[in-house]
Every structure is written in C-alpha cells, then in structure tokens.
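Student: Below: one structure in structure tokens.
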Amino acid sequence: MIPRYLVDFDLQSLPHVHTDVIVIGAGIAGLFTALKAAEQHKVMMVTKKSLLDSNTRYAQGGIAAVISDEDSPDYHRQDTLIAGAGLCSSAAVDVLVHEGPDGVQDLIRMGTEFDMEDGHYALTKEGAHSQRRILHAQGDATGAEIVRALSERTKQNEQIEIWDDHFVIDLITENGECFGALVQKPDGQKVFVRANATILCSGGAGQLYRYTTNPEIATADGISIAYRAGANIRDVEFVQFHPTSLCYPGAPRFLISEAVRGEGAVLRNMNGERFMEKYHPQLELAPRDVVARAILNEMEQTKSTFVYIDFTHESEETVKHRFPTIYEYCLNYGLDLSSDWIPVAPAAHYMMGGVETDLYGETSVKRLFACGEVSSTGVHGANRLASNSLSEAIVFGRRIVQRIEGLPPLERTPVIREVLGRNDNAIQPVVEKRLKLQKVMLRYVGLKRNAQGLEKGCEELKRHITIYDSHLSKREEYEFANLLNCALLTTQAALARQESRGGHYREDFPEKDDMQWQKHIIFNRVNGTTEGRIDDV
Ligand code: SIN
C-alpha cells in the first residue's frame, strides 16, 4: 500500500515558512507561472536542482502557435484533435489554440528571442501539423533560449525567492485542501512551506523507462505527490515515445528533433529502404505514435536496434545553420548530420496524462494547481501534437495566475502528525532498483503492450513496494518511491485499457474501440487504496 506521506513528521514542530504562492519546478511552466504570479504575489520557487535543469531546456523543435496569416486557430485545433485520437477535451484545445499567440507575445516580452527570417518569425513544420506554425530559437535550441530568458528574469525579480537543490517530499493537505508543501533542504532539514496556492510544475516521468530523451530529474515526482495528496490522476497509460533519439554506442538518447523530418529528412531501415509509405500517408510526418511503432516494426523485421534518419539532401551550411545543436552533438560521436545517415530509435519522451485540472489549471484538491507536463488539462488526449507542450504551459500558466487572484487567504494550519514507525532496514541501493524498474517498464509497458506482459510488469513492480515501509531520507530514495508510484499507476491503467489508441498500443487489442473506450481512466487515492474510475470524454 502506498502511504499518504513518504516520511514521518510532526507538522507543528517543523519550521514554518510563509509565502503567497509556491511554485514547484523550474521548466517553462514553473518559470513562466512564477513570473506572472510575481506581478501580484510573493512567490517561493522550489527546484530539486537548479533553474537550468528541466525538460524544457532540452526542447529543440519549438513552440506551436498560430502566427502566420495562412494559419488559423481552427486548423491548429483540428490537428491537435486528430493527433489526440478522440481523447482531447475540445474546450481545453480551444483555450490552447486561441490563447497560444498571446502567450508567445508574453514570452517575447520576457526576453525570449525567436528566430526571424526576412523580418518575420521563422516558422517550421512538425509531424501531424497541417501548417508551418512552430516558432524556434537558435535553430534547434528553443527550450534553452526560453530557459535563459525566463530564468534571468526570475533571478532579478525581488518578489521571487528561489530555493535550488530542495526536494518537495509531499504536499500538506486536509479535507481536500492544500496548505503548501513539506520540503527537504540540502542539509536534510525538513520545513513546511505554507502557501495560499501551490502550483505543481514539476515536469514529466521519462525516467520510468530505460531509454528516454528526458534528463535524470524527470522522475514523476509531481504525479506521485499529487496522487498521495488525493488529486485525480488521469490517462497515465498514454506515454509518448519520440520516434528519433540518437542510438549510438556510448551516446545518451539525445533527441533528433522532429523538425529535422519537418525540413525533409527521411527514415530508412537497415537495408537503406525508405519505409514510411507502408504505414501512413503523411509519411515521416505522421503522428508520433505511428512513426515510433513503424520504426519498431522495421527494427524487429530487420533484427536491428535502430533505423536511420537521412538528412543528407541538404547542404552542410543549411544543416549547420538550422540544426546547430544536433549537428554539433552528433559530431562528438563522429556522425555528420549533413553527410551520414544517423542511427536512431524511439525513446520515452512525454507523459500525456497527469494530474487532472480544469480549464484554469486547478486540480481536484483545492488550492492545488498543475501546469505543464505534470498536468492533464485535456489538451493532448491520447497523443500530443509536436510542440504543443510549451504552448500549453504558458497558456494554462496565465490562467492559473488569473484563478489564484480570487483565492481567499488561508485561515488555519492543519495539525498533522504522521507516525507510521518506518523501519531502518537498509534498502537495496536505489540506483539498482531504479534500473530494474526502468527495464520492467521498457519491456512490458513500452510501445507495444499485452495483458500477459502488463500483469508480469505489475507483479515485478510490486516486489519493490516494501520501500514505503522504510525510513527514506535521500533525494534518490524519494525519487525512486515516486517512480514506483507512477509506474504502478501507468501499468494498471495500461492493463485496464483494452484497446489501442494514440500512445497506448495493445497487441491483444490492436483496434481503437470508441464504443467502450473513448473514455478517461482516472485514479484517486482514497483511504490508502487506489480507486479507478472510467469517465466519458
Ligand atoms: C522535437 O523537437 O522533436 C520535440 C518537440 C516536442 O516534443 O514537441
């Protein structure tokens, strides 16, 4: 059983720190929302590493918004709904496509410099987009540029206090209301940060898998602490695998942006054959789940661990100018993007599901908000359209700040004493445990799933559940506890969904089943057990 809190503590005897708004996480969602909230409020920003460590920083392709006169919110809406495979909330998608351009203007006002071409913003195309609508920066370093601009502003803002290297162990709640967070300082001391509003911006869960484009910090912390706090967790069976991550001995699974295919790169199998025409009329720019599974099929058929991406039709100069980061990175491994076919394979990239929110980012727990990858706003459905994630973060970040304006001040602090008497048995080194979990997830809960594998996966994950009876004190231990929590939810949801849709593919139920399954799977922790619910879209 997963306990309500990961550690024993007595809230009244802990040091208390008061703030208006606590923002947990420092990717685009955290930085942007903190800056917006700081226009009216005192903000405490808590990050487990630093302002420069987040998934956002590695975003290459860009940010999708309707900028061109040839584009329209209706086209963007349509593309998003098609990619989402019947599970998007059309209201949330409307919010995204109509408010995205204003959000981009905010980013520009905050100092982000997007690439220009002939006096206009340069726009590229990515998979399943019918129009050129992806803004980018420094070619393929969009996330890094956004983080640069926003983190500089954040550091200069006197209304924002930044706590780097601090870990949020759990949220403090009583009767369905959030009072702030239990935070561990770098020296191990615990404090209670009491806040009128708590905004989870803690990113994704790529570290659930052995191969991922995400950094080490993407350990599902937000989903898991929100789950323990009683929030609704929705659609976590939908994990997006990016089709093209570098697959080369000794190299991390570095992202080879979809924008490379957007600019004309093609995919070839081990035999040098271009293969996407067998799978989808949009070829290399089909939705991500389609391309990722097509690659996996080709890998299986040719008994290879990778396929190739071929961008050799472009001149060296263009390649270097448009994709400088990818070009340089590949060159470190002796691979020249302008003249070599680059070996690539799918890798876990994005969690479509997350903490369920309304159209103002509020979760089912009062005063608790979620923004960015950790949230499930309804924008992505079963499969996220490329480059919609950065737009989602800014659009819903703005809305959260509007909503918190109306919150009455907190009037009390709950009395909480958590004493489960956890044991001090030495736990197996968490590095090993984490690796085992990642292998189980890759093997049984990856791109192709079936009942037998998912049941086996669940069983293997449950072997680690005794960790919750142990006394945890280190960041890696909390992270493992969070990964396990989320892995169990993802596996259970994947087992329950007996169909294939978007990022979730069941070999034993290969068809989409709208009659039974155009629905959400929602988990909620009630009295220590997980209750599952199936809700209409
Ligand atoms: C990419 O550049 O391919 C990633 C962009 C995204 O995940 O939306």
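Student: Go through (1) under 30 Å from R525 (Cα atoms); (2) buried (at least 20 other Cβ atoms within 10 Å of the Cβ) one by one and return the number of the condition V104 breaks.
Tutor: The failed condition is (1).
Student: Out of (1) surrounded by 24 or more Cβ atoms within 10 Å (Cβ to Cβ); (2) of a type in the set (S, T, Y); (3) within 16 Å of the ligand (Cβ to nearest atom), what's the single condition that is false for Y58?
Tutor: So Y58 meets the others, but not (1).
Student: Hey, another quick one. Go through the stretch 279-374 and tell me which strands (runs of 3 or more DSSP E), entirely inside it, have 1 or more residues that are modelled with pLDDT of 95 or more and closer than 29 Å to V93 by Cα.
Tutor: It comes to 342-351, 354-356, 368-370.
Student: For the subset of the stretch 409-463 comprising residues that are exposed (fewer than 12 other Cβ atoms within 10 Å of the Cβ) and β-branched (V, I, T), which member is farthest from H16 (Cα to Cα)?
Tutor: V431
Student: Continuing with this model, one more query. Of the conditions (1) over 16 Å from L51 (Cα atoms); (2) surrounded by fewer than 19 Cβ atoms within 10 Å (Cβ to Cβ); (3) acidic (D, E), E152 clears all except one; give me its number.
Tutor: The single condition E152 does not satisfy is (1).
Student: What pairs come out if I take residues in the stretch 80-96 that are free of Cβ contacts under 8 Å to residues at least 24 places away in the same chain and of a type in the set (S, T, Y) and pair them with residues that are surrounded by fewer than 21 Cβ atoms within 10 Å (Cβ to Cβ) and in a helix (DSSP H, G or I) whose C-beta lies under 9 Å away, six or more apart or interchain?
Tutor: S90/R77; S90/L81
Student: Do we have S151 as assigned to a helix (DSSP H, G or I) and of a type outside the set (F, W, Y) here?
Tutor: yes
Student: Something else: Residues P414, P429: which one is at pLDDT 95 or above and away from the ligand (no atom under 16 Å from the Cβ)?
Tutor: P414
Student: Please go through (1) buried (at least 24 other Cβ atoms within 10 Å of the Cβ); (2) under 23 Å from L442 (Cα atoms); (3) within 15 Å of the ligand (Cβ to nearest atom) for V379 and return the number of the only condition it doesn't satisfy.
Tutor: The failed condition is (2).
Student: In the list R422, R497, R434, which residue meets the criterion of being under 19 Å from the mean Cα position of the chain (by Cα), among the basic types (K, R) and over 30 Å from D102 (Cα atoms)?
Tutor: Only one candidate passes the filter, namely R434.
Student: Residue by residue through the stretch 470-479, note down the ones that are free of Cβ contacts under 8 Å to residues at least 60 places away in the same chain and surrounded by 14 or more Cβ atoms within 10 Å (Cβ to Cβ).
Tutor: Selection gives S470, E476, E477.
Student: Among the listed residues F167, F179, identify the single one that is touching a strand residue (DSSP E or B) at 6+ places or on another chain (Cβ under 7 Å), more than 21 Å from I28 (Cα to Cα) and not acidic (D, E).
Tutor: Testing whether each residue is touching a strand residue (DSSP E or B) at 6+ places or on another chain (Cβ under 7 Å), more than 21 Å from I28 (Cα to Cα) and not acidic (D, E) leaves just F179.
Student: Which number in (1) surrounded by fewer than 21 Cβ atoms within 10 Å (Cβ to Cβ); (2) over 22 Å from the mean Cα position of the chain (by Cα) marks the one condition that L52 misses?
Tutor: Just one mismatch for L52, condition (2).
Student: In this structure, does Q402 turn out to be more than 16 Å from the ligand (Cβ to nearest atom), in a helix (DSSP H, G or I) and more than 18 Å from the chain's Cα centre (by Cα)?
Tutor: So Q402 passes the test.
Student: Of the residues M270, M276, which single one is crowded, with 21+ Cβ neighbours inside 10 Å and without any contact (Cβ under 8 Å) to a residue 40 or more places away in the chain?
Tutor: One residue alone meets the criteria, M276.
Student: Same structure again: Can you tell me which condition A64 does not meet? The list is (1) within 16 Å of the ligand (Cβ to nearest atom); (2) modelled with pLDDT under 95, and all the others hold.
Tutor: (2)
Student: Here's something else I'd like to know. From D74, D118, grab the single residue that is surrounded by fewer than 19 Cβ atoms within 10 Å (Cβ to Cβ), farther than 26 Å from M352 by Cβ and away from the ligand (no atom under 16 Å from the Cβ).
Tutor: D118
Student: Just to be sure, is L331 of a type in the set (A, V, I, L, M), more than 16 Å from the ligand (Cβ to nearest atom) and either without any contact (Cβ under 8 Å) to a residue 24 or more places away in the chain or closer than 29 Å to D221 by Cα (or both)?
Tutor: yes
Student: Something else now. Mind checking which residues of the stretch 348-376 are within 11 Å of the ligand (Cβ to nearest atom) and of a type in the set (F, W, Y)?
Tutor: Once the filter is applied, which keeps residues that are within 11 Å of the ligand (Cβ to nearest atom) and of a type in the set (F, W, Y), the stretch 348-376 yields only Y350.
Student: Looking only at residues in the stretch 266-278 that are in a loop (DSSP other than H, G, I, E, B) and farther than 20 Å from E126 by Cβ, which one is farthest from the ligand (Cβ to nearest atom)?
Tutor: By that ranking, first place goes to N271.
Student: Just to check your reading of the model, which residue among A34, A29 is crowded, with 21+ Cβ neighbours inside 10 Å and either within 16 Å of the ligand (Cβ to nearest atom) or of a type in the set (S, T, Y) (or both)?
Tutor: One residue alone meets the criteria, A29.
Student: A91: surrounded by fewer than 24 Cβ atoms within 10 Å (Cβ to Cβ), among the small types (G, A, S) and farther than 26 Å from V260 by Cα, yes or no?
Tutor: Yes; evaluated as a whole, the condition is true for this residue.
Student: From the list P287, P252, exactly one residue is under 29 Å from R449 (Cα atoms) and without any contact (Cβ under 8 Å) to a residue 24 or more places away in the chain. Which is it?
Tutor: Matching residue, one of P287, P252: P252.
Residue by residue, here is whether (1) over 21 Å from the mean Cα position of the chain (by Cα); (2) at pLDDT 95 or above holds:
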residue: T80; (1), (2): no, yes
residue: A83; (1), (2): no, no
residue: G86; (1), (2): no, yes
residue: S90; (1), (2): no, yes
residue: V95; (1), (2): no, yes
residue: G111; (1), (2): yes, yes
residue: Y121; (1), (2): yes, yes
residue: T124; (1), (2): yes, no
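Student: Residues in the stretch 402-439 that are of a type in the set (A, V, I, L, M) and within 18 Å of L208 (Cα to Cα): how many?
Tutor: 4
Student: Looking only at the stretch 487-505, which residues are of a type in the set (D, E, K, R) and buried (at least 22 other Cβ atoms within 10 Å of the Cβ)?
Tutor: Those that are of a type in the set (D, E, K, R) and buried (at least 22 other Cβ atoms within 10 Å of the Cβ): R497, R501.
The values are calculated or read from the model by the stated rules, or taken from the named source; none is laboratory data. Please read all numbers here as calculations on a predicted model, not as lab measurements. Heads up, the Cβs are rebuilt from the backbone with ideal geometry, glycines too, and the neighbour counts pull from every protein chain shown.
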